[in-house]
Every structure is written in C-alpha cells, then in structure tokens.
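Trainee: Provided herewith is a single structure, encoded as structure tokens, for subsequent inquiry.
The values are calculated or read from the model by the stated rules, or taken from the named source; none is laboratory data. Not measured: the values here are computed from a predicted model. Because the Cβ atoms are built from the backbone with ideal geometry, glycine has one as well, and the counts that use them run over all protein chains shown.
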C-alpha cells in the first residue's frame, strides 16, 4: 500500500501534466499558445485562437489522458497491493489517479506550473470513475454554454453539479476519499475560473464565438 500511493500519484501527475494544447499549437502552428488570448493551454483558448481542429483535438486528448490516469491508478493498485481488491479500495486508487491527473493538468511541471483549468481532464477522469455522473455534468456544461454562450459559466456549473450527480448515480461502496476527491476536483476547477467569475459578475466575459486574440478572455 505504501509503495502504491506515491507511484500512482507520480504516474498520474506526470500523465496529466502532458500539455496537449501547448504541444499541438507549437507543432502545427509554430506558436506558443500561452502568448495568445488568455494564455491558457486548454481547448477553449486553442479554439478561440483560430484553431478549431486543434481545439477539438486538445479537448479529446485531454479527456483521454484523464481516462488513462484513472485506469493506470486502478492497474497499479491491483498490481502492487492485491489482485482481489474490494471495490472500495479500488475506487480509492482510481480517485488518487484522478486527483493527481487534474493537478498535473492545472500545474504542469514542464510549463512552470502554469496549466489549464481542468475541465476536459476532469471530465476524463470521472468518465471512468463515475461515468453516469460525468455524462450528466457534461450535459449541464453543454446546455448552459448553448443557452448563455459563456463557456466559463458552463464549465463552472458543470463542475459544481458533478459531485451531486455522482452521489446519486454511483452504485456500490463509496469510500470517503473517493467522495472527497470528487468535491476537491470540482472546487479546483471552479477556483481556476476565478478570473472568469469576476468578468461574469462585471459583464465583461467573452461569449463563445468571440476571438480570443481580440478579447483576451477565455
């Protein structure tokens, strides 16, 4: 158990810290996405910078790395602890992988800890750990974004709704750490949107469709 925890944490963090948006824009457009728009490396800023295909690819790959981190956490837990883990301990390993992957995305060591806001990676980790809750939360994100045209508002409300959806949809044992991680990730995503919250309250937030190059908001 003691060996499994640091290995899972390190592996999930390093996987989550792969700066997909930065790498795609650097490779295909020879630009530093951090110098464009809001400077964020996530899919929204990549999309708003004019890279629709790159934005979609960034979102998809950020989701996939989140999924992979949770699978990796469960696999390492099984290999290093027991091949007959109960569902409770297994979910704790998944939760550890989920939390560290989101931390890695938000604070990647490769980019001096300046990363994304964790929406796509957060969706990815919980698509594995609590799939129905994750799908319900992403539905809230899509609905709010379509109605308001504020991606940030959709992200905030989607993240806030996830722990509650998960509570009612996850079956079987729900260890305390597993539940705490759900709320912790939601809190981190919302906290990462603190500047967006300020702009939403002041009425200066950029709506979806506005160029990040012009507005500087994402």
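Trainee: So, of the residues in segment 104-114 that are in contact with a helix residue (DSSP H, G or I) (Cβ under 7 Å, 6 or more places away or on another chain) and within 20 Å of residue 159 (Cα to Cα), which turns out to be surrounded by the fewest Cβ atoms within 10 Å (Cβ to Cβ)?
Mentor: Checked segment 104-114; the qualifying residue surrounded by the fewest Cβ atoms within 10 Å (Cβ to Cβ) is 106.
Trainee: Tell me the residue from 186, 160 that is modelled with pLDDT of 95 or more, surrounded by fewer than 17 Cβ atoms within 10 Å (Cβ to Cβ) and under 14 Å from the mean Cα position of the chain (by Cα), please.
Mentor: 160
To keep it simple, each residue is scored yes or no on (1) surrounded by 24 or more Cβ atoms within 10 Å (Cβ to Cβ); (2) modelled with pLDDT under 95; (3) within 17 Å of residue 23 (Cβ to Cβ).
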{"position": "79", "(1), (2), (3)": "no, yes, no"}
{"position": "94", "(1), (2), (3)": "yes, yes, no"}
{"position": "97", "(1), (2), (3)": "yes, no, no"}
{"position": "102", "(1), (2), (3)": "yes, no, no"}
{"position": "116", "(1), (2), (3)": "yes, yes, yes"}
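Trainee: A further question follows. Please enumerate the residues belonging to segment 10-32 that are closer than 16 Å to residue 107 by Cα, buried (at least 19 other Cβ atoms within 10 Å of the Cβ) and free of Cβ contacts under 8 Å to residues at least 60 places away in the same chain.
Mentor: Listed by number, the list holds a single entry, 20.
Trainee: Another one. Which condition does residue 7 not pass, out of (1) surrounded by 15 or more Cβ atoms within 10 Å (Cβ to Cβ); (2) modelled with pLDDT under 90; (3) more than 21 Å from residue 158 (Cβ to Cβ), if it passes all the others?
Mentor: So residue 7 meets the others, but not (2).
Trainee: Taking segment 95-112 on its own, how many of its residues are part of a helix (DSSP H, G or I) and over 10 Å from the mean Cα position of the chain (by Cα)?
Mentor: Counting residues in segment 95-112 that are part of a helix (DSSP H, G or I) and over 10 Å from the mean Cα position of the chain (by Cα) gives 7.
Trainee: A follow-up question, please. Of the residues 190, 197, 156, 132, which is in contact with a helix residue (DSSP H, G or I) (Cβ under 8 Å, 6 or more places away or on another chain) and over 22 Å from residue 46 (Cα atoms)?
Mentor: 132 is the lone residue from the list that is in contact with a helix residue (DSSP H, G or I) (Cβ under 8 Å, 6 or more places away or on another chain) and over 22 Å from residue 46 (Cα atoms).
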